[in-house]
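Data first, discussion second: the structure below is written as structure tokens.
Quick note: the coordinates plus some simple rules give every number you see, no bench work behind them. Just so it is clear, the model here is predicted, and its values are computed rather than measured. Note that we place each Cβ from the backbone using ideal geometry, even for glycine, and neighbour counts take in every protein chain shown.
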Amino acid sequence: MRQLSLTRRRPWAEGDHATFYFALGVISGIRVVLLGEIYIGELLALCMTAYGLSSFKVDRKLAPLFALTLMWCIAQSLSDIQNHTDLTTSLKGVLAPLVFFGTVYAIATHFNHGHERRIWYFLAGTTIFQMWETVMNPMEAALMNPWKWGFATPLLALLLAYLSARRAGKLSTVGCLLAFSATSIVFDFRSLAAMAVLGAIVFLARNSSFVRKLGYLVRKPGGVLLIFAVLATVIYILNVVFTLIFAHSAEFGFLSPESVHKYTVQATSEYGILFGGRSEIVISVKAFLDAPLLGHGSWALDRHGYVDEYNRLTHQMGMALTDRFDELESPMIPTHSYLMGAMVWCGIAGGIFWLSVVGGCLRMFLLQARYMPVYFCVALPQFIWDAFFSPFGAANRWQAAVFVGIIFAFSALQQHRVRFRAPAETGTRPSRLKFARSV
């Protein structure tokens, strides 16, 4: 019988190439301009992916994502031809899914063996450039609200990386998330505040019988679709709850008059507090229905008055009183969603891509929920939210690819531990022969 030796838990910063992976994260998180905005990490990932695919073999768990990527690229090319998109814009549109897949592939295949803490060092490093840029070269919105438009997202990622690496207990983890949520509410970042609270709830419930039942459910045909229905119900309930709360925002006492007006208008609208701030969804759905098969092309230009309709809705929702939106001055169709952006660009193929990616990540999480660190408990709801309610720009493309790559890698690490009954803290590199079939 094979004997397994147990080692004492090593300190967080000992023996895991902490400096190297933190520095790699810092370098990877630097954004440059090359045809369009792109991260150095994406360029490194593309080189690694090209080398990895040179043998014309794709890992069986990444093969579906690769096929979906090719489907999006082909549909995007056809859409650009039909809509007479110029060559440079078309090239950027076709490359976007390839860059996303390349980043996922590189992270998934590099971190799927060895010590788990390498993931958290790398993740922590990726936050540094964004915080440095907020201090040294802030965007106009960050000058008015540096928390919402600069520090909040990288600080949350840094906090989650630390808590995950330490495997912090329930009390300290939930306390940190609630403190972060309260800070975000004060600085008018309600969506991230809600994600922190939801992440704390998921973290506390990950060992519950309900989550285990969901794990059994996703193994069955159609299980993921049913989970989507449950998520839609949860989002609807959250919208109702937060609408009831923010309808009385004038009584809070700590919000600015502009924020009070905005929250009150949105909370009393027909869309509610969460959807009232996402008027782009209404416009992008209409744009998709106008061209459902091949869409409007890369960086879809507005030829049918979508921007004017969006301008009207934003004023009705009170958003234009405090926030400045580039979409109001842009010739492109407003989308503000990974899902709807892809569907407006290339039609139904873009929707299939993102629904499949979100469903796959949700399935991996639920199958191993009890072992998942707090990072995934917060990042998965945030990823799902972004897929439906955030634009697929360079920053979100990088952050989404990092998350998807990490959940692939962690899932593989956990499967290896279960297979060999090894403790999580040993960090033993798996046999290549045994591990070649999964990522």
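General observations
- Relative contact order, percent, region 104-189 [alpha-carbon distance under 8 Å, six or more residues apart]: 32 percent
- Built amide H within the under 5 Å cut-off of His296, gap 5+: Trp345, Cys346, Gly347
- Taking the average, over residues, of other Cβ atoms within 10 Å as the packing measure, peptides 351-363, 192-204 rank 192-204, 351-363 from highest down.
- Neighbour-count ranking [beta-carbon atoms within 10 angstrom, fewest first] of Met136, Met340: Met136, Met340
- Ascending count of other beta-carbon atoms within 10 Å, so fewest first, for Ser390, Ser191: Ser191, Ser390
- Whichever lysines have a C-alpha closer than 21 Å to that of Lys220, once near sequence neighbours (fewer than 8 apart) are set aside: Lys61
- Using only alpha carbons, region 12-137 has a radius of gyration to Kirkwood radius ratio (Rg to Rh) of 1.04.
- Sequence ranges 70-77, 212-219, ranked by mean other-Cβ count within 10 angstrom, highest first: 70-77, 212-219
- Sequence-distant lysines (8 or more away, or on other chains) whose Cα lies within less than 26 Å of Lys262: Lys148, Lys286
- Shape category assigned to region 99-199 from the gyration tensor of Cα positions, a/c cut at 1.5: oblate
- Long-range amide H partners of Met332 with built H, under 5 Å: Asp302
- Legend: ranking of residues His84, His304 from fewest to most surrounding C-beta atoms inside 10 Å; resulting order His84, His304.
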